[in-house]
1. On the given criteria, is Phe75 away from the ligand (no atom under 14 Å from the Cβ), in contact with a helix residue (DSSP H, G or I) (Cβ under 8 Å, 6 or more places away or on another chain), among the aromatic types (Phe, Trp, Tyr) and more than 26 Å from Ile188 (Cα to Cα)?
2. Scan Ala258, Ala241 and give me the residue that is of a type in the set (A, V, I, L, M, F, W, C) and within 27 Å of Pro435 (Cβ to Cβ).
3. Do we find that Arg353 is within 15 Å of Arg62 (Cβ to Cβ) and either within 13 Å of the ligand (Cβ to nearest atom) or among the hydroxyl-bearing types (Ser, Thr, Tyr) (or both) in this structure?
4. Only one residue in Gly217, Gly204 is more than 16 Å from the ligand (Cβ to nearest atom) and within 22 Å of Gln342 (Cβ to Cβ). Which one?
5. Which fully enclosed helices (runs of 4 or more DSSP H) of the stretch 173-264 have 3 or more residues being at pLDDT 95 or above, among the β-branched types (Val, Ile, Thr) and within 18 Å of the chain's Cα centre (by Cα)?
6. Can we say Ala66 is of a type in the set (Gly, Ala, Ser), away from the ligand (no atom under 16 Å from the Cβ) and in a loop (DSSP other than H, G, I, E, B)?
7. Kindly establish whether Arg413 is in contact (Cβ under 8 Å) with a residue 60 or more places away in the chain and under 32 Å from the mean Cα position of the chain (by Cα).
8. Taking the condition within 16 Å of the ligand (Cβ to nearest atom), surrounded by 14 or more Cβ atoms within 10 Å (Cβ to Cβ) and either in a strand (DSSP E or B) or touching a residue at least 60 places away in the same chain (Cβ under 8 Å) (or both), does His328 pass?
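The values are calculated or read from the model by the stated rules, or taken from the named source; none is laboratory data. Nothing here was measured: the structure is a model prediction, and the numbers come from that model. All Cβ positions, even for glycine, are placed from backbone atoms using ideal geometry, and neighbour counts span all protein chains on display.
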Amino acid sequence: MKSTDLPLNSSGSLGVLTTGSGNPVPNNQTSQTAGYYGPVLMQDFHLIDKLAHFDRERIPERVVHAKGAGAHGYFEVTNDISHLTCAKFLSAVGKRTPIFTRFSTVGGESGSADTARDPRGFAVKFYTEEGNWDMVGNNTPIFFIRDPIKFPDFIHTQKRDPRTHLKNADMQWDFWSHVPEALHQVMILFTNRGTPDGFRHMHGYSSHTLKLVSADGSFHYVKWHFRTDQGIKNLTAKQAAELSGTNPDYATQDLFEAIERGDFPSWTVSIQIFTEEEAMKLKYNPFDVTKVVSQKEFPLHEVGRMVLDRNPENYFVEVEQAAFSPSHMVPGIAPSPDRMLQGRLFSYPDTHRHRLGANYLQLPINRSRDAVRYHQRDGPMCFGTNGGRLPNYEPNSFGGPQEAPNTREIDTRSAVEGFIGRHGYELTDADFDQPRALYHLLSPSEQQDLVDNMAGSIAQAKPVFQNSILPHLKRIDSEFGARIESAIKSINAQ
Ligand code: HDE
């Protein structure tokens, strides 16, 4: 998708204006009418088609992560991890894979402010020779909830009140006081990392534990970390609030302009690695996405570098139509049993079929750079050859694409046991240990910002919700809880 893809004619010009069906348009300024004062005519196909297409210009925006910006670039392997995975794009130092990355806020609509307090989406599509791998992460190493069944409820609390169509602090703090395992992520959100200074100055994380799988089927658990080479830079609550009024597209503009001037942002990509045995010995569940895995115990191993060096030519085609899914995986990368990840494996392709249609994977931005050979056919907006004259079923007696038995085996080697049931997570002290450690990791000024930012939000909720969240904050750390309580009191007294 370069400007050279424009339909230049043989003399190198863009040629005459046409309708969608390629017919020359003699006049694009004046509709056909019956006489000077007469009505507009049905036979003016160009007018009718132009208005009808315009009426359909919007596709549904993403239900979450609606506001975002994207860029093209590459991933380059800098350290050999071929002993851990048979993924071909990771097979040799120096190997480059084209990528497309989209950053986003979560809760706001497509026109909302880039500087809102919110996690940031960090989604990377790797166009490998074995199809696409999508790393659909956030700028936080953890998440609010740990069971996908809670996700629609959680998101409702972040969106608009069904009656007033306003954001509502009551809904947010009510939900969080019922789901206190969220408070680890809530604390990150209310530090200044909740308002990053654009998209270039933040890290990205897979957040979930994934698997790297070798050709013999053995595997290691990994967490992916994309650490910004630009350095972390955050906005204060005041700066973020001002920018949301003066330049709501602050982060989108910053990314675009940096790439235009050749100041290409990059991220150092690393993994934490642990075995199944080590995973089972941890004090917490390594598949619970509300938990970090200690970097002291499992340090980062550098794998490569991600560089963004090309802006999209067309926002709608490349950014709005980009369809990421954690279920787009290559041989050598596989899911862990993380319940949230398992839920996401279903939810993303489902949203794409609704938003873009059943053939969303045929769109240029989503299409595998490796040939796609399958027996899916037809459906709305089916472009390309649709399999041509090849048989549309398998097995058949006519040759055609063969199964790849070795790759099919790779991700199926985990044992499972137990009874089918709703095995709920208990809230335990372990859910408060990591938030406490996070609080103590912060510098005094970072602690102060956290207290001010959080108290400012809680104070907007009704007293009943202020009171229901405080015991949880005190359970994290009594001094932290007390500081929030007194900050709320002084805001209430103003
Ligand atoms: Fe998403 N999420 N999510 N999410 N998410 C979407 O997919 C969903 C979660 C993330 O730039 C949607 O195409 C469920 C965690 C990013 O296009 C949707 C659950 C993490 C993006 C969806 C989660 C993410 C999305 C909306 C709980 C970080 C934007 C439109 C089980 C590790 C990707 C779309 C882009 C987008 C569902 C939780 C990251 C509805 C059900 C955890 C970066 O399918």
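1. yes
2. Going through Ala258, Ala241 in turn, the sole match is Ala241.
3. When the stated conditions are applied, Arg353 passes them.
4. None of the others qualify; the one that does is Gly217.
5. Once the helices (runs of 4 or more DSSP H) in the stretch 173-264 are filtered for at least 3 residues that are at pLDDT 95 or above, among the β-branched types (Val, Ile, Thr) and within 18 Å of the chain's Cα centre (by Cα), nothing remains.
6. It is false that Ala66 is of a type in the set (Gly, Ala, Ser), away from the ligand (no atom under 16 Å from the Cβ) and in a loop (DSSP other than H, G, I, E, B).
7. When the stated conditions are applied, Arg413 passes them.
8. Judged against the criteria, His328 is a match.
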